[in-house]
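Notes for the one structure printed next.
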Amino acid sequence: MPQLRLSKHLPCRPLGVSGRFPPYNRLGKEFAMRSDRCGELTAQDVGRRVRLAGWVHRLRDLGGITFVDLRDASGIVQVLFRDLDQAHQLSREDVVQVEGTVARREAPNPELPTGEVEVEAEGLRVLAQAAPLPFAVDDDVSGTGEETRLKYRFIDLRRPRMQRNLALRHRLCMSVRSFLDRQGFVEVETPVLTRSTPEGARDFLVPCRLVPGTFYALPQSPQLFKQILIASGVERYFQIVRCFRDEDLRADRQPEFTQLDLEMGFLDTPEPLFALLEELMAHVFREAAKIELPTPFPRLTYAEAMASYGSDKPDLRFGMKLVDVSDLFADAGFRVFARAIADGGRVCALCVPGGGDFSRGELNRVEEEAVALGAPGLSWLKRAEEITSPLAKFVGEGVLQGVVERTGAQEGDLVLLSAGPPAALNPAVGELRRRLAHERGLVDTGAWAPAWITDFPLFKAGEGGRLDSEHHPFTAPHEEDLPLLEEDPLRARAKCYDLVLNGVELASGSIRIHRRDVQQQILSLLGIDQEEAERRFGFFLRALEYGAPPHGGIAFGLDRWVMMLAGERTLREVIAFPKTAGGSCPLTGAPAPVDEAQLTELGLTVEGGASTNPDP
RNA sequence: GGGGACGUGGUCUAGGCUGGACAAGGACACCGGAUUGUCACUCCGGAGAUCGCGGGUUCGAAUCCCGUCGUCCCCGCCA
């Protein structure tokens, strides 16, 4: 039986031949086990003696001849075994080393990048055998339940699509780091074992053995640390950092997730930051995904976004703005609308291009949906050759004509009309806008539509008439709104901004308060008195007392960013080892009960005894 | 905390409404055999499931009911 002959010096392929990802600088020594990578062999290699190593992707045993698709990170190449008995013993996903000669194929496979060639094996060594697989390593993920994929994540991640996602994430991080490095940012690590930070979510707690009865909290974000770093003279800080929030999960929410966190000193308006971040975005899209993003990004104030799109994260890949037609209906004779206006509401029109084909039944369904979303009701008009509308019997034709003109409705379009208080009406119609656009195929799914949303309110109404921070308690108010803090705090605007991409909130930030007295005022408005403030974040307030420059920053949801670029539907597809919706990890079996001895050491007892959780 | 969907050999699923020849069918994977140009190789043969778990209804439950656990999606919650 032929054995693998290990040549002493098999020259490695020189640099620059391959354009495949990931290209990397090869040190000769690195290739002790292989001279080439599977996916990189081409017709130019015909006649070369090569040594490969990889996984047996697929086997075709024809008796006297056996084909093996050999796979490594670079791709797949067909290996041909002639009269090599060992080849019959191979199984899928065995790890093998093969030495042989590159030959031109009798029948090329156009489906495969390496399809013109194959490797005629002269020797084979099995490096590791694989047990029967729970699922195949191919890109059709649909044939496997997610729990099974997570339990055998080490197999799942071998799939090209998952490899691509991991690589995309890496490239995104690399391009972020290189860009920010060139802009003078310094990556500084902040503690994971820390105090509760005031983000408003539930904390993950870690019991402290040295002081029984006390707990560290895992950070919901490094917010206070990054501000302290600014006060510490780190003028430009960033960090790609894990954050933890103990809340229920969603397709786009994991209990631990990654932020690109950054902060700049000597910043009192967001303008320089916007310019920098737009360049960062454009750079990252170009480097990581070969997408050109035009800059500058459109900007909308929070008030504009709510009025025109009914959302603080509008999807700008399509139009369909909410159009105010209140004035047209104020005295038009339709009492329902007139009363809504008299009560301080508005009449809002939404043009659905091509919506003229909605049947009466569909319109009823849309109205039900609108009401379920919080709109008081819904009416409509259609522009065909004539304008038709149930409102025609209440208002003059001129009013409906006015609606058509203002919304720009073309022949064949539908205009939905609803009236009510803006706080309820706008989000309802905005959500309707989003749903109808998707249902009707009006969204350009290949487009990238970033936008800045600015000037959020500083506060929102909390439970029992309390004030809550819209962003967080360290957000600076607009100077001209400082008087409002006393008179009408809910009207005060914050120096606060979100970066929205295709209707998804990608990043959120603000100019921070850098004066101790203003900070104290905000905290007291939030119902946090001096004593509590001192107790919870006295360390931070102290930092503001010793010369903190004006500063501001932003934090990106990095997982979401990768998810969008990867075109994935859930965060789990872009995180190597994610949690299920129930917060568990099928791979490791976490969370799991711990030994009684560990609890004792920590001074903890578990009510009702530790729940038993069988090993996975 | 609430709502919805799902749970059947290793994997994915059919069957479930209308309980009875279902000691559960198929595909892929696996095992044995054949096979010298395949590429989702093919052909022949084989093994493998007390239908998530517990209880109930019934002469009889994969199927109906209740509970429970798990997975997924949504609301609440959460930047």
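Which fully enclosed strands (runs of 3 or more DSSP E) of the range A:178-274 have 1 or more residues being open to solvent by less than 50 Å² (accessible area, probe 1.4 Å) and within 16 Å of RNA strand B (Cβ to nearest atom)?
Qualifying strands (runs of 3 or more DSSP E): A:215-217, A:236-244, A:256-265.
Tell me, which residue of the range A:57-76 that is more than 10 Å from RNA strand B (Cβ to nearest atom) and touching a Ser or Thr at 6+ places or on another chain (Cβ under 9 Å) is modelled with the lowest pLDDT?
Taking the candidates together, the pick is A:S74.
With (1) open to solvent by 20 Å² or more (accessible area, probe 1.4 Å); (2) away from RNA strand B (no atom under 16 Å from the Cβ); (3) under 22 Å from A:F456 (Cα atoms) as the list, and A:L490 as the residue in question, which single condition is left unmet?
(2)
For the list (1) in a helix (DSSP H, G or I); (2) within 20 Å of A:Q220 (Cβ to Cβ); (3) not hydroxyl-bearing (S, T, Y), I need the number of the one condition that A:G553 fails.
So the condition that A:G553 fails would be (1).
With A:R516, A:R569, A:R536 as the choices, which residue is touching a residue at least 24 places away in the same chain (Cβ under 8 Å), within 10 Å of RNA strand B (Cβ to nearest atom) and surrounded by fewer than 22 Cβ atoms within 10 Å (Cβ to Cβ)?
So the residue among A:R516, A:R569, A:R536 that is touching a residue at least 24 places away in the same chain (Cβ under 8 Å), within 10 Å of RNA strand B (Cβ to nearest atom) and surrounded by fewer than 22 Cβ atoms within 10 Å (Cβ to Cβ) is A:R569.
Need the failing condition index for A:R153 against (1) open to solvent by 70 Å² or more (accessible area, probe 1.4 Å); (2) under 35 Å from the mean Cα position of the chain (by Cα), just the number.
(1)
The conditions are (1) touching a residue at least 60 places away in the same chain (Cβ under 8 Å); (2) open to solvent by 10 Å² or more (accessible area, probe 1.4 Å); (3) away from RNA strand B (no atom under 12 Å from the Cβ), and A:L41 fails exactly one of them. Which is it?
With (1) touching a residue at least 60 places away in the same chain (Cβ under 8 Å); (2) open to solvent by 10 Å² or more (accessible area, probe 1.4 Å); (3) away from RNA strand B (no atom under 12 Å from the Cβ) applied to A:L41, the lone miss is (2).
Residue under question is A:A548, and the condition is that it be more than 19 Å from the chain's Cα centre (by Cα), part of a loop (DSSP other than H, G, I, E, B) and surrounded by 18 or more Cβ atoms within 10 Å (Cβ to Cβ); does it hold?
yes
Return the residues of the range A:84-110 that are near RNA strand B (Cβ under 6 Å from one of its atoms) and either open to solvent by 40 Å² or more (accessible area, probe 1.4 Å) or at pLDDT below 95 (or both); say none if nothing qualifies.
Those that are near RNA strand B (Cβ under 6 Å from one of its atoms) and either open to solvent by 40 Å² or more (accessible area, probe 1.4 Å) or at pLDDT below 95 (or both): A:S91, A:R92, A:E106, A:A107, A:N109.
Go through the range A:383-422 and give me each residue that's surrounded by fewer than 13 Cβ atoms within 10 Å (Cβ to Cβ) and acidic (D, E).
Passing the criteria: A:E385, A:E386, A:E397, A:E405, A:E411.
Where residues in the range A:117-135 are near RNA strand B (Cβ under 10 Å from one of its atoms) and crowded, with 18+ Cβ neighbours inside 10 Å, which of them is nearest to A:L52 (Cα to Cα)?
A:E118
Counting only residues that are within 30 Å of A:G538 (Cβ to Cβ) and open to solvent by less than 30 Å² (accessible area, probe 1.4 Å), how many does the range A:434-477 have?
Of the residues in the range A:434-477, 13 are within 30 Å of A:G538 (Cβ to Cβ) and open to solvent by less than 30 Å² (accessible area, probe 1.4 Å).
Picking from A:G377, A:G344, which residue would you name as being closer than 22 Å to A:V395 by Cβ and open to solvent by less than 30 Å² (accessible area, probe 1.4 Å)?
It is A:G377.
Against the condition at positive phi and open to solvent by 20 Å² or more (accessible area, probe 1.4 Å), how does A:M306 come out, does it pass?
no
The values are calculated or read from the model by the stated rules, or taken from the named source; none is laboratory data. In this text the structure is predicted, and so the values were computed from the model without any measurement. Cβ: placed from backbone, ideal geometry, glycine included. Neighbour counts: every protein chain shown. With ligands, DNA and RNA removed, areas are computed over all heavy atoms of the protein, side chains included. Shrake-Rupley method; radii C 1.70, N 1.55, O 1.52, S 1.80 Å.
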